[in-house]
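S.K.: Here it is: the structure, laid out below.
Computed from the coordinates by the stated procedures, all read-outs in this text should not be read as laboratory data. All values derive from a computational prediction rather than experimental measurement. We place every Cβ from the backbone using ideal geometry, glycine too, and count neighbours over all the protein chains shown.
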Amino acid sequence: MSEGFTPILIAGADYSAALKQPNPTWLALFEVLAASGAEAKASSPPSRIKKGTVQEKRNNFLHLRLTSLENVGSDRLFNALTEARPLITGLDFPFGYPATFLDWIDRRHTGERRNAHEQASDGCGQIAGSSANHDWQLTRKLAAMAFSELEAAVIEFARTTKPEPLRLTDRLVSPKGTSPLHRINPGLLKMTWQGAGLLLALKSAGFRIAPFDDEISHGPETAPEVLEIYPSALLKWLSLPNRRYKGAGATAMETRKEIITTLSRSSGTVLPLPKLHTVNSCRSRQLKLDIKPSLRQQCLADDNALDGVIAAIGAAISLIDRQAVSPASLEASPELSHQCHLVPREGWIYTPGLLKP
């Protein structure tokens with residue numbers, strides 16, 4: 001490696017609330033490489049991107065090599081991320097709770113109902129420009145609860161609300177997301193509760209948590225960033241199988257084989273990301289992946305490993321075209337613009353195509 005240059009990493013991890021250690025929480029690390037030949041004409045990145053100049057050197061073409069895929073377990077994920085300090089990380093778990101539950105739990109603790117619209121100031125402009133709209137104090141309070149206490153509160157809340165509430169982003173994503181309050185199959189409540197502790201720790205370590213921290217002045221050269229990714233939705237957007245790839249059965253194995261074969265061939269595969277651009281700019285928005293056979297085999301053997309890789313690809317797509325995945329696009333939607341205030345409270349799934357143009 002040339003002196004003065006540090007490899008830029010893009011990371012992805014699934015997340016597990018399982019008790020066994022190491023539980024199936026896989027961390028994928030991709031290294032950003034140079035484009036070559038015709039690819040280099042469009043983007044001209046250096047052989048290694050110099051640390052501190054990411055914003056200047058960011059291009060519409062990314063060439064990534066999967067360098068590490070490890071089952072670190074949820075208890076070691078924080079240390080692994082702070083040690084590697086990737087430029088951008090996609091994590092597969094809900095970053096927040098539905099606003100109706102936040103209002104209810106806040107009222108339960110304070111005895112008074114908060115006005116979400118007052119908190120959000122005046123509309124969508126506050127989505128991107130201020131972290132003050134996310135109640136980190138309430139996040140810390142919920143993360144500090146014993147899980148049994150939080151679960152009891154969710155059961156009590158469920159008696160007042162039918163059906164189970166979703167976040168705005170869960171309603172918009174396809175396939176539709178599951179409520180972070182869901183307790184069984186999948187156990188997202190425990191995952192959300194544990195994940196909040198991870199987000200708080202990463203925030204304290206200098207990571208930016210999107211969309212809660214400064215979305216508009218997005219500049220990962222100044223601080224590493226963490227995004228919420230939903231692998232099933234990203235697979236669907238990439239026109240890859242997004243169901244029946246989980247598990248150890250023959251059908252799941254064959255489906256994972258189809259996914260990983262498409263994503264990675266020995267010569268590297270180029271995903272043209274067709275929905276991020278017009279036909280005329282097709283060549284300038286591409287993602288090339290190199291995944292060696294041994295790591296490909298890990299994705300075939302374990303669906304959680306594959307989810308970690310997909311989460312990292314989601315983070316890379318966000319780096320290529322932030323506008324395509326940003327919640328700021330809500331501003332242009334007559335049907336949804338009045339719900340902008342929900343994003344900095346609940347979180348956002350960074351997947352292209354959530355909003356129809």
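S.K.: Over all alpha-carbon pairs in region 287-351, figure out the percentage whose distance exceeds 13 Å.
M.R.: 71 percent
S.K.: May I pose another question? Note down the net charge around PRO22, summing +1 for each Lys or Arg and -1 for each Asp or Glu among other residues with Cβ under 14 Å from its Cβ.
M.R.: Every neighbour counted, the sum reads -2.
S.K.: Still on this structure, I have one more. Return the subset of LYS190/LYS236; LYS203/LYS292; LYS20/LYS162; LYS190/LYS292; LYS257/LYS288 for which the Cα-Cα distance in this structure is over 30 Å, preserving the input order.
M.R.: Check vs 30 Å cut-off fails for LYS203/LYS292; LYS20/LYS162; LYS190/LYS292.
S.K.: Counting other C-beta atoms within 10 Å, which of TYR97, TYR245 has the fewest, and how do the rest follow?
M.R.: Listing TYR97, TYR245 from fewest to most nearby Cβ atoms yields TYR245, TYR97.
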